[in-house]
Amino acid sequence: MSSKKEMLSRFGMAAKGIVYLLIGVLTAMAAFGQGGSKSGKDGILKFLAQQSYGKILLIALGLGLIAYTFYRFYQGFGNIKNHDDDPKGYFKRTAYVVSGLIYGYFAFSALKMAFGSSSGDSGSSSQLLNSEYGDIIAIVIAIILLGKAIYEFYVAYSGKYKEDIEHAGIDPDAQSLLTKAGKMGFTARGIVAGIMAFLFFKTGMGSSGGDINRADAFSLLQNEFGSVAMGLVALGVALYGVFMLIKSKYPDTNVR
């Protein structure tokens, strides 16, 4: 990997790690009565905007996510993981590009807020779900999120991601922390994605409506299983952020 592409991947992975770390920490604080708030990506943008030098923080995050977006595109179009030219390989490469588009939109929202907009991308999904084909869109999103949840659990418990870590030249202590944080992080992401799939399915079936995000998933967890369960999952999300931050030091490891 060239030095420029390596810097791009490191900056991007670090930005993604910070996003998940903040989501997890703020939600865990809310769960255990230490302030904070149940947060999704929109909530993180608002949190950063309220801090000292909030504009600078939003710009830095936006630029980092742009770097991650281009790195995802590079993974998809450049096929740097040498995926086979078969349906499975094309699916993985397409997933990289879709991931890049999602984080690109999030980067746009961060920069838009930094340069004067009072809100990020809040309400975007609500507009889609309230459109003429809103029910169909909601069910399609639910199916995609269900597939994502299954994949996150597969990554967490198959042990496949450990192979990339072991071959990346990471020192033993960092490798151990990365492995543990990764397993808990992917598990937490699977739980959140599964709950969001359920919420979108309910919307598609006409049982609910409105904007749906990670904060709604955390609220359902709290309402159904209690604050402790929500806090534990939030800590898992924070550990995924730690996982990405550590990986940003080793860009040759596989990015998931």
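For segment 22-42, how many residues are touching a helix residue (DSSP H, G or I) at 6+ places or on another chain (Cβ under 6 Å), under 19 Å from MET113 (Cβ atoms) and either in a helix (DSSP H, G or I) or of a type in the set (A, V, I, L, M, F, W, C) (or both)?
3
Residues being among the aromatic types (Phe, Trp, Tyr) and closer than 27 Å to ALA238 by Cβ: count how many of those fall in segment 41-99.
Counting residues in segment 41-99 that are among the aromatic types (Phe, Trp, Tyr) and closer than 27 Å to ALA238 by Cβ gives 6.
Give all pairs with beta carbons closer than 6 Å in which a residue from segment 11-28 that is closer than 15 Å to ALA107 by Cβ meets a residue that is hydroxyl-bearing (Ser, Thr, Tyr) and open to solvent by 10 Å² or more (accessible area, probe 1.4 Å); count only pairs at least 6 apart in sequence or on separate chains.
Sorted first by the residue in segment 11-28, then by its partner, the pairs are MET13/SER248; ALA14/SER248.
What number of residues within segment 84-106 are open to solvent by less than 80 Å² (accessible area, probe 1.4 Å) and among the hydrophobic types (A, V, I, L, M, F, W, C)?
Residues that pass the stated criteria total 4.
Conditions: (1) open to solvent by less than 40 Å² (accessible area, probe 1.4 Å); (2) farther than 29 Å from GLY89 by Cα; (3) in a helix (DSSP H, G or I). LEU57 meets all but one. Number of the miss?
LEU57 satisfies all of (1) open to solvent by less than 40 Å² (accessible area, probe 1.4 Å); (2) farther than 29 Å from GLY89 by Cα; (3) in a helix (DSSP H, G or I) except (1).
Is segment 60-83 home to any residue that is open to solvent by 20 Å² or more (accessible area, probe 1.4 Å), among the charged types (D, E, K, R) and part of a helix (DSSP H, G or I)?
No: zero hits.
The values are calculated or read from the model by the stated rules, or taken from the named source; none is laboratory data. Every value quoted in this text rests on a predicted model; they were computed, and no experiment measured them. Virtual Cβ from ideal backbone geometry, glycine too; neighbours counted across all protein chains shown. SASA here: full protein model, heavy atoms, side chains in, ligands and nucleic acids out. Shrake-Rupley method; radii C 1.70, N 1.55, O 1.52, S 1.80 Å.
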